[in-house]
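Below is one structure, written out as structure tokens; comments come after it.
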Amino acid sequence: MNKKQIIDQLDRIALYLEIRGDNPFKIAAYRRAGQALETDQRSVAGIDDFSKIKGIGRGTADVIKDLMLTGESAVLRDLQKEIPPDLLELVKIPGLGGKKIGKLYQALNVTDLAALREACEGEQVRALPGFGEKTEEKLLDAVKKINQRPSELSIAYMVGLAEKIEAALRSDQDIRHFSRAGSLRRAKEKMKDLDFVIETDDPEQTANQIVELLPIYEITGRGDAKMTVVLNDPYHVSVDFRFSTAEAFVTTLHHFTGSKEHNILIRHLAKERGEKISEYGIESENEPVQTFSSEADLYHHFGLSEIPPEVREGASEIERAESGPLGLIRLEDIKGDLHMHSTWSDGSYTVQEMADAMRAKGYAYACLTDHSKSLRVATGLSEERLLKQLEEVARVNALYEDFTLFSGVEMDILPDGSLDYSDEILKCLDFVIASIHSSFSQSKNQIMKRLENACRNPYVRLIAHPTGRLLGKRSSYAIDVEGLIRLAKETGTALELNSNRNRLDLSSEWVCKAQEAGVRIAIDTDSHSKKMIEDMALGVQTAVRGWIRPGTVLNTMTAEQFAAFLHCKKI
């Protein structure tokens, strides 16, 4: 075992002893030993005598030695036989430590979350010393929340988790090359777990490093080519790490990106050629295993153009790729961002700082679209402040020769269908976005009337985050998206694919239908900070899932083309 695993086991022993109601000094000895080991800068392999470390006694030193050499401890093994394993699930509940868990176990025979819920609902917990009615209510609420853990988690949550894992992997100089795989690489909106493929010459050492680097709750599987861990995050997300040689990295990545249905199609193509394809490469009779330097080369082997991960879903991608390049949008096609906020409303940075960040990203232009006056929670701009902001836009523009900041606003579509500013104000701006931020519970008829009023306004160029959803948090309001697409086509209004990881609104399904109807799309970040600018990549991935071509997207235009577009009236 490595140091982290040993410390976890020492803490586990202390917890078991506390649940059992053991001697407090004995419990403290194991916790002290774990803390002492954690502060020692050496690896466990470099420690000759653990008992010489301050805070570690001879008894705990023997336990550490057993854990290091065998991965087991007789002390822990005996405790595990005595204490029901599911009892440790109670540790997830805020406010429940070993002592209180021990009381619940010994007095009420609470052995798992279900038993705790039953005891709370039966009002038995409140009678125990140190609990009470309010504590019982809090425990019951906590148990219910734990039991509501979704079977799939949103891409918003999983991307954040993946970024932390990637930062840890990058910190290890021995890990030269790695990639996301699975559902996240295909940019699915919901997924059960995470997958990574790592190039390594020493899988065992790499696995050990991963365990050291990440907050791991449990290792559920470990072998020569794979390790599966459960993270110590609120949802205990499972992560598969697949280890690959440099030669087989591309085929391993392709295989574990999936989808299962796509891989079946590729295996069928290989079979037709008398070949077999696996994560290790392509095999054919009397020939060495063939590997590839890129996924594009792998697809070319089968006479196909490259198929991006986002559309590998076992649908029409093979037939389309047989006909030539797919011509789907790429991140490098994006020339600007049409939706961002500054400190004038609820953004974190000044207008100039946001413009500088957009320029540093390589964009040729961006639109400043702070919130309108009715959104007071976001410090929305009054007419006077909005017009005053035009001076700031002009000042910032004077700083650049290679970047243009267009003036704009994200204007609220009010509950009665009216817009937050008059046309006299709107005509002073370069780019007007309209969106719904209130009265989400209105009927579909009311919502659609609001959107129709916005679409028919001659100055509204874009409907932002059209369905109002927040992934994993809030469903769409009652909206007829097909009806909105028809309205957008009729009025020459563009629809947004909001790249904010919590939104991705419109979804890939709806942007695909918008493109089929001839409606323009804008892929924007809705950035309120510099960091949020990076979410453009997620928006583009969602667009790829919807088979979006660059010509459909407003912000693939050059600055000159976009300026010319703004000078043309809507339909």
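Considering only region 320-351, how many residues are part of a helix (DSSP H, G or I), more than 24 Å from the chain's Cα centre (by Cα) and surrounded by 15 or more Cβ atoms within 10 Å (Cβ to Cβ)?
Qualifying residue count, region 320-351: 3.
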| request: Take region 535-558 and flag every residue that is over 12 Å from Ile334 (Cβ atoms) and either modelled with pLDDT under 95 or surrounded by fewer than 20 Cβ atoms within 10 Å (Cβ to Cβ) (or both). | output: Arg549, Gly551
| message | Looking at region 239-265, I want the residues that are within 25 Å of Ala315 (Cα to Cα) and free of Cβ contacts under 8 Å to residues at least 60 places away in the same chain and have a partner that is of a type in the set (Val, Ile, Thr) and in a strand (DSSP E or B) with Cβ atoms under 7 Å, at least 6 apart or on another chain. Which pairs are those? | response | Thr252/Val197
| task | State yes or no: is Gln446 in a loop (DSSP other than H, G, I, E, B) and out of contact with any Cys (no Cβ under 8 Å at 6 or more places or on another chain)? | result | no
| request: Just give me the residues in region 511-522 being under 11 Å from Thr542 (Cβ atoms) and surrounded by fewer than 21 Cβ atoms within 10 Å (Cβ to Cβ), in sequence order. | output: Cys512
| Looking at region 85-103, which of its residues are closer than 17 Å to Ala14 by Cβ, among the small types (Gly, Ala, Ser) and surrounded by fewer than 17 Cβ atoms within 10 Å (Cβ to Cβ)? | Gly97
| task | Please enumerate the residues belonging to region 413-469 that are surrounded by fewer than 16 Cβ atoms within 10 Å (Cβ to Cβ) and of a type in the set (Val, Ile, Thr). | result | none
| said: Give all pairs with beta carbons closer than 6 Å in which a residue from region 11-26 that is among the aromatic types (Phe, Trp, Tyr) meets a residue that is modelled with pLDDT under 90; count only pairs at least 6 apart in sequence or on separate chains. | reply: Tyr16/Leu79; Tyr16/Ile83
| said: Given the criterion of a type in the set (Val, Ile, Thr) and either closer than 21 Å to Tyr16 by Cβ or at pLDDT 90 or above (or both), identify the matching residue among Val143, Val125. | reply: Val125
| task | Would you point out the residue of region 560-571, among those that are within 17 Å of Leu429 (Cβ to Cβ) and in contact (Cβ under 8 Å) with a residue 40 or more places away in the chain, that is nearest to the chain's Cα centre (by Cα)? | result | Phe562
| request: Looking for whichever is more than 37 Å from the chain's Cα centre (by Cα), in the same structural domain as Val143 (by TED's automatic domain parsing) and on the phi < 0 side of the Ramachandran plot here; the options are Asp11, Asp66. Which one fits? | output: Asp66
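Has region 195-209 got at least one residue that is surrounded by fewer than 19 Cβ atoms within 10 Å (Cβ to Cβ) and either within 27 Å of Val540 (Cα to Cα) or in contact with a strand residue (DSSP E or B) (Cβ under 7 Å, 6 or more places away or on another chain) (or both)?
Scanning region 195-209, I find no residue that is surrounded by fewer than 19 Cβ atoms within 10 Å (Cβ to Cβ) and either within 27 Å of Val540 (Cα to Cα) or in contact with a strand residue (DSSP E or B) (Cβ under 7 Å, 6 or more places away or on another chain) (or both), so the answer is no.
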| query | If we scan region 411-423, do we find a residue that is assigned to a helix (DSSP H, G or I) and at pLDDT 95 or above? | reply | yes
| message | Condition first: farther than 15 Å from Ala464 by Cα, among the hydrophobic types (A, V, I, L, M, F, W, C) and touching a residue at least 60 places away in the same chain (Cβ under 8 Å). Can you find one or more residues in region 525-535 that meet it? | response | yes
| request: Would you tally the residues in region 470-499 being in a loop (DSSP other than H, G, I, E, B), of a type outside the set (Asp, Glu) and surrounded by fewer than 22 Cβ atoms within 10 Å (Cβ to Cβ)? | output: 9
| task | From the list Glu295, Glu275, Glu279, pick out the single residue that is surrounded by 15 or more Cβ atoms within 10 Å (Cβ to Cβ) and free of Cβ contacts under 8 Å to residues at least 12 places away in the same chain. | result | Glu275
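Is it the case that Glu317 is within 29 Å of the chain's Cα centre (by Cα), surrounded by fewer than 16 Cβ atoms within 10 Å (Cβ to Cβ) and touching a residue at least 12 places away in the same chain (Cβ under 8 Å)?
no
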| List pairs: first in region 394-410 and assigned by TED's automatic domain parsing to the domain that holds Ile425, second surrounded by 14 or more Cβ atoms within 10 Å (Cβ to Cβ) and of a type in the set (Asp, Glu), Cβ under 8 Å, 6+ apart or cross-chain? | Phe406/Asp430; Ser407/Asp430; Gly408/Asp430; Val409/Asp370; Glu410/Asp370
| Criterion: of a type outside the set (A, V, I, L, M, F, W, C), in a helix (DSSP H, G or I) and surrounded by fewer than 18 Cβ atoms within 10 Å (Cβ to Cβ) - qualifying residue of Gln9, Gln106 | Gln106
| request: Output the number of the condition that Ser316 fails; it satisfies all remaining conditions of (1) of a type in the set (Gly, Ala, Ser); (2) at pLDDT below 95; (3) not assigned by TED's automatic domain parsing to the domain that holds Asp412. | output: (2)
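Residues checked against (1) without any contact (Cβ under 8 Å) to a residue 40 or more places away in the chain; (2) among the hydrophobic types (A, V, I, L, M, F, W, C):
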residue: Asp370; (1), (2): no, no
residue: Leu381; (1), (2): yes, yes
residue: Pro415; (1), (2): yes, no
residue: Leu471; (1), (2): no, yes
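The values are calculated or read from the model by the stated rules, or taken from the named source; none is laboratory data. Just so it is clear, the structure is predicted and the values come from calculations on it, not from any experiment. Counting neighbours? That spans all protein chains shown, and the Cβs are built from the backbone with ideal geometry, glycine included.
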